[in-house]
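All remarks here apply to the structure that follows.
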Amino acid sequence: MMPTASAIHLKSWDGQIYEISRSAAELSGLIQDSLPEQDDEDDDDDGDDRMETNEPIELIRVGGQCLGKVVEFLNHYDQEKLEEIPCPIVGHKFEEVREISMSLSLVHLGDTTLSRHLFC
């Protein structure tokens, strides 16, 4: 990807770097908490000047393969808005609950297990 003005770079613990738009990155609470403020008057010395230097945000507990899937998910739902999951999940029959869970599995997971992606 070519660098853009609103691009955020994410770095996994194993050194893989991914580029993602700021709007897609803001869909993740973890990444959003790591993003620097978008203001012109950042005079403090708190180390959040990444936007100017384009340094990647390091996610030291996330592996590269997992981060790739997270970026894929965030990019997808930045374009196609995520539907809110009903809580508690309504339905008294297995088929009703299964229908909801099937709609949540739109991102291809490859050969890795679902639990690895949920807890990365």
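The values are calculated or read from the model by the stated rules, or taken from the named source; none is laboratory data. No experiment lies behind these values; they were computed from the predicted model shown. Cβ placement follows ideal geometry from the backbone for every residue including glycine, while neighbour counts extend to all protein chains displayed.
Worth a mention:
- Qualifying positions in the range 51-85 - β-branched (Val, Ile, Thr), outside any strand (DSSP E or B) and touching a strand residue (DSSP E or B) at 6+ places or on another chain (Cβ under 6 Å): Val62, Val71
- Contacts under 9 angstrom Cβ, first residue in the range 13-33 being closer than 12 Å to Cys66 by Cβ, partner among the acidic types (Asp, Glu), 6 or more apart: Trp13/Glu58
- Residues in the range 17-30 that are out of contact with any strand residue (DSSP E or B) (no Cβ under 6 Å at 6 or more places or on another chain) and surrounded by 15 or more Cβ atoms within 10 Å (Cβ to Cβ): Ser21, Ala24, Glu26, Leu27, Ser28.
- Any chance Val90 is of a type outside the set (Asp, Glu) and either modelled with pLDDT of 75 or more or closer than 22 Å to Glu19 by Cβ (or both): no
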